[in-house]
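The values are calculated or read from the model by the stated rules, or taken from the named source; none is laboratory data. Computed from a predicted model, the values in this text were never measured in an experiment. As a convention, Cβ positions derive from the backbone with ideal geometry for all residues, glycine included, and neighbour counts pool all protein chains shown. Just the protein is used for accessible areas: all its heavy atoms, side chains included, with ligands, DNA and RNA removed. Shrake-Rupley method; radii C 1.70, N 1.55, O 1.52, S 1.80 Å.
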Amino acid sequence: MFVTLMLCIMTIAASAQLKTVDVKADLRGDFGLGAGVTFGLLEKLDLAPRFNYYFAGEGANLFTIDADVHYNFDVADKFKVYPIAGLVYLHATDFNKIGVNLGVGGQYQITDKFGAFVEAKYQWVDGWDDTYFSLGVNIGI
């Protein structure tokens with residue numbers, strides 16, 4: 001299932017334009033760091049696959065791989081908001097499942113190549129629901 005998900009993401013990404021490289025911090029019950037990219041699929045539609053590692057405590061091994069879609073609404077000069085919908089693969093020490101991401105985000109374009117973003121997401125995974133906030137920066141390609 002995981003390999004199929006990754007092949008689907010790579011197929012879509014191959015026909016899309018790479019827009020940014022993203023780095024973020026995830027704030028929830030534990031702390032996480034994430035990295036990913038954003039591809040432009042259509043004029044207002046982006047694909048944002050990301051890898052997130054969580055520092056969940058001693059001996060814990062927790063990471064997620066997200067494949068989210070953003071639909072961008074320009075609300076002011078250099079500022080956009082976007083709903084988030086996507087899939088998530090969650091790996092915990094003895095727990096591997098696929099779920100759904102739903103949320104909202106906002107981005108401020110500081111310069112032509114540098115932006116900052118904030119996101120709030122609800123992750124629904126059978127047996128592991130969670131809500132969290134992300135703060136990040138991106139660099140345009």
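Scanning the range 21-31 for residues that are more than 16 Å from PHE117 (Cα to Cα) and either at pLDDT 95 or above or open to solvent by less than 70 Å² (accessible area, probe 1.4 Å) (or both) gives ARG28, ASP30.
To keep it simple, each residue is scored yes or no on (1) in a strand (DSSP E or B); (2) open to solvent by 40 Å² or more (accessible area, probe 1.4 Å); (3) over 14 Å from LYS121 (Cβ atoms).
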{"residue": "LYS19", "(1), (2), (3)": "yes, yes, yes"}
{"residue": "LEU33", "(1), (2), (3)": "yes, yes, yes"}
{"residue": "GLY36", "(1), (2), (3)": "yes, no, no"}
{"residue": "PHE39", "(1), (2), (3)": "yes, no, yes"}
{"residue": "GLU43", "(1), (2), (3)": "no, yes, yes"}
{"residue": "ALA48", "(1), (2), (3)": "yes, no, no"}
{"residue": "TYR54", "(1), (2), (3)": "yes, no, no"}
{"residue": "GLY57", "(1), (2), (3)": "no, yes, yes"}
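Being touching a His at 6+ places or on another chain (Cβ under 8 Å), part of a strand (DSSP E or B), hydroxyl-bearing (Ser, Thr, Tyr) and modelled with pLDDT of 95 or more is a property that TYR82 has.
No other residue among ILE98, ILE110, ILE65 is in contact (Cβ under 8 Å) with a residue 12 or more places away in the chain and under 15 Å from GLY36 (Cβ atoms) apart from ILE65.
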